[in-house]
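Student: The structure under discussion is supplied below as structure tokens; questions concerning it will follow.
What follows is calculated from the coordinates using simple rules that are stated; it is not laboratory data. Bear in mind the structure is a predicted one, so any value in this text is a computation, not a measurement. A quick note on method: Cβ atoms are made from the backbone with ideal geometry, for glycine too, and the neighbour counts reach across all protein chains shown.
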Amino acid sequence: SAAYNDNYAGGRLATEHLIRLGHRRIAFIGNTLFRRAEAYFDVMREKGLPATSFKDVRSFMREIKRFTAAFCFSDYLVLELYNEAAAMKLKIPRDISVAGYDNMDFTSLLSPRPCTVDQFKKELGAAAAEILMARINGGAVLPDRIFNPILREGASVRLLA
């Protein structure tokens, strides 16, 4: 048995949210080897939209004018994007809408508060410990515990007319 957050569902939530608010030119920034990135590529393909990824914020910033929104692999990349945008005198979400992932504690300090995908970190840890204890004690195999992430909309994504 296993316990995990559904990264694919989280990636769909973020990408579909950006599209629902009118964004069509959405970049993915960061590690594309995770299910959240796979979801971005799938949703973009399903909607007939071009999918473009950048390995890091710096390479995205060179092309930023081509996009209305960015979906960042993690909130650490959101923080980096906020800093780079400020250095270029760009405003979020006026000039670029931003969505992140993980709902890290520091996001409450960012302005505007970023849109991010919230995972169940404490619950995941508790479920993993429960599964581990059951194995150690030779108990029954517990069913998989899959946690579905939640989108925290924040204020970093603007509605496009």
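Student: Tell me the chymotrypsin sites (Phe, Trp or Tyr not before Pro) within segment 1-59 that lie in a loop according to DSSP and have at most 15 other beta-carbon atoms within 10 Å.
Tutor: Hits after loop and neighbour filter: nothing returned.
Student: Net charge around ILE131, counting only other residues with Cβ within less than 14 Å of its Cβ (Lys, Arg = +1; Asp, Glu = -1)?
Tutor: Spelling it out: positives minus negatives among the neighbours equals -1.
Student: Further question on the same structure: Search the structure for amide H atoms under 5 Å from the amide H of ALA3, placed 1.01 Å from N in the peptide plane, and list their residues when 5 or more places away or on another chain.
Tutor: Amide H to amide H, under 5 Å and 5 or more residues apart or across chains, ALA3 pairs with ARG145.
Student: Where Lys and Arg each count +1 and Asp and Glu each count -1, what net charge lies around GLU63 among other residues with Cβ under 14 Å from its Cβ? Please report the intermediate quantities before stating the final value.
Tutor: Working: positive: ARG25, LYS55, ARG58, ARG62, LYS65, ARG66; negative: ASP56, GLU84, ASP95.
Here the charged neighbours net out to +3.
Student: Taking the alpha-carbon centroid of each part, what is the distance from segment 53-70 to segment 71-109 in angstrom?
Tutor: After rounding, the separation between the Cα centres reads 12 Å.
Student: Further question: Have a look at GLY48, GLY139, GLY30 and tell me which one the Gaussian network model of the chain (Cα, springs below 10 Å) gives the largest fluctuation.
Tutor: Greatest mean-square fluctuation among the candidates belongs to GLY139.
Student: Tell me, in nm to one decimal, what length is gained between LYS91 and LYS47 on full extension, where the rule is 0.36 nm per residue of separation less the Cα-Cα distance?
Tutor: Additional length available on full extension: 13.1 nm.
Student: Sticking with this one: If packing is taken as the average count of other Cβ atoms within 10 Å, what order do 104-114, 15-25 fall into, highest mean first?
Tutor: Listed from highest to lowest mean packing, they are 15-25, 104-114.
Student: To the nearest Å, what is the center-to-center distance of segment 1-39 and segment 126-161, using C-alpha atoms only?
Tutor: Here the answer is 16 Å between Cα centres.
Student: Could you check what % of the DSSP bridge pairs in the chain are antiparallel, to the nearest 5? Can you show the working numbers first?
Tutor: Working: 3 of 19 bridges.
The antiparallel fraction comes to roughly 15 percent.
Student: If you don't mind, there's one more thing I want to ask. What number results when the radius of gyration of the chain, computed over Cα atoms, is divided by 2.2 N^0.38 Å?
Tutor: 1.14
Student: Another question, if that's okay. For the chain, with a Gaussian network of springs between Cα atoms less than 10 Å apart, report the residue from LEU49, LEU33, LEU79 with the top mean-square fluctuation.
Tutor: Between LEU49, LEU33, LEU79, it is LEU33 that shows the largest mean-square fluctuation.
Student: Can I ask one more? For segment 1-138, please report how many Lys pairs fall under 30 Å Cα to Cα, leaving out neighbours fewer than 8 apart on the same chain.
Tutor: Close lysine pairs under the 30 Å cut-off: 10.
Student: Then there is this: Mean separation of Cα pairs under 8 Å and 6+ residues apart, divided by the residue count of segment 5-61: what relative contact order is that in percent?
Tutor: Contact order relative to length: 41 percent.
Student: Tell me which GluC sites (Glu not before Pro) from segment 38-91 have a DSSP coil assignment and no more than 13 other beta carbons within 10 Å of their own.
Tutor: Taking segment 38-91 and a limit of 13 other Cβ atoms within 10 Å, the loop GluC sites (Glu not before Pro) found are GLU63.
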